[in-house]
Amino acid sequence: MIIDATHDPELASWVESANATDADFPIQNLPFGRFRAAASDPWRIGVAIGDQVLDLQATGLVTHGDMNQLMALSPADRSSLRHALSSGLRRGSAHEKAWRAALRPTAEVQLGVPCTIGDYTDFYVGIHHATTVGRLFRPDNPLLPNYKWVPIGYHGRASTILPSGQGFARPQGQLKGATDEAPRLAPTERLDFELELGLFIGRGNPLGQAIPMASAEQHLFGITLFNDWSARDIQAWEYQPLGPFLSKNFASTVSPWLVTMEALAPFRRAFTRPEGDPAPLPYLDDEANRRGGAFDIALEVRLQSRAMREAGLPPHVISHSNFADAAYWTAAQLVAHHTVNGCALASGDLFGSGTLSGPRPEQAGSLLELTQGGKQRIALPGGETRAFVEDGDSVTLAGRCSRNGFRSIGFGPCEATVMPADAGTGGRTAP
Ligand code: CA
């Protein structure tokens, strides 16, 4: 994943909206996603450029609409595709006339989950999140003894991963207060978001063949934003001894664009651990990972209540963080660890990073942390306060990479609005 001509900050596109300094999708980014004109159409592979989507099939660069197949390309073929896109979209390209016909305004198409997600694993790499949440339950011993040795994770559910923009109903479940004699079935009263990144697998591995650190990143295709919605009251009652279940599998929101590992090359950072912490076991360690295994991705959470929306108030930033400051494990280490027992990964598999809280309280990636378990409500513009997410609230995650001497790139929005429990599946019985 080297820095090359496709990252040149001087490159500009004949798609003028891509040249704005605050554009998420300048020609240096070139993320992949799936789009369609109508719900009855098949998905097509698109590349975001400014406020447009380039239909990849219409350019002739691919002959199919199967994103998982594209994600499984060899690193060399992926690099060629990126160079072809960069060259065709730059000012003065001979492709301009033909490719203009392959553009669709993003606002006029439907964007989906970026690929078919076969399996979904949620990790727990945010050490500040793990410490703060651990402290709420175990004040004397917040971080469990395995945390600095094992990248902790659990297997989640791919069927309820939703594209950005799709709302969902507040889920119901078993709730039991500390002093309640028995649980009751009711809509969650402690609905929360989790600020995460989604790491998508490109090429898989055969069953029984562990992926070593040296090639781990070649199996990663790209990164999205990921909101792992969580019902804290359902979670508190159900999670022992096997971990989260119905508190986590009612909805997770993913942003539509896979920002590729190639696009992220300029934004690498050294991976370090605090003095005195154990070195990773050899299967989770190598020189390249120490030199540049972390990614500098600035993250933000914005909340807009229904009242704010009706009053014309913009979404309010309630937290900001950074992947590199929040994560105790790198993307490469997650791939190496996930496969060390021979587990087979497939193209399109998703790893959630875990909640990416920064070291300071205002950098927390969930309301559980921001409000100290609901005890310290946060203030919103317009006079409202929040302990947890309420009906009508819209939560948006945003991510951006910046470095001196390079064009900044962004991830596009990851947004969902929570509807009342009786508006949909939550609280209703299927026919
Ligand atoms: Ca999570």
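A dipole drawn for the chain from +1 and -1 charges on Cβ atoms has a positive end, and of Pro359, Ala379, His7 the residue lying farthest that way is His7. Packing order of peptides 380-393, 24-37, highest average first: 24-37, 380-393 (average count of other Cβ atoms within 10 Å over each peptide's residues). Here is the list for the stretch 270-329: GluC sites (Glu not before Pro) lying in DSSP coil, each with at most 14 other C-beta atoms within 10 angstrom of its C-beta, are Glu275. Atom-type composition of the exposed protein surface of the stretch 61-163 places 55 percent of the accessible area on carbon and sulfur (1.4 angstrom probe). Near Phe123: Cβ cut-off under 12 Å, other residues only, Lys/Arg at +1 and Asp/Glu at -1. The net charge is -4.
Its Cα centre serving as origin, the chain has a Cβ charge dipole (Lys and Arg +1, Asp and Glu -1) of approximately 180 debye.
Applying both filters, DSSP loop and at most 14 other Cβ atoms within 10 Å, to the trypsin sites (Lys or Arg not before Pro) of the stretch 63-114 gives Arg91. Of the beta bridges in the chain, as assigned by DSSP with both residues counted there, near 90 percent are antiparallel.
Once the chain from Ala38 to Arg377 is taken as fully extended at 0.36 nm per residue, the excess over their C-alpha distance is 117.9 nm. The mean sequence distance of close C-alpha pairs (under 8 Å, at least 6 residues apart), as a share of the length of the chain, puts its relative contact order at 22 percent.
Relative contact order of the stretch 5-111: 31 percent, from C-alpha pairs under 8 Å at least 6 residues apart in sequence.
The values are calculated or read from the model by the stated rules, or taken from the named source; none is laboratory data. None of these values were measured; they are calculated from a predicted model. So basically every Cβ, Gly included, is an ideal-geometry build from the backbone, and we count neighbours across all protein chains shown. All accessible areas refer to the heavy atoms of the entire protein, side chains included, with ligands and DNA or RNA removed. Shrake-Rupley method; radii C 1.70, N 1.55, O 1.52, S 1.80 Å.
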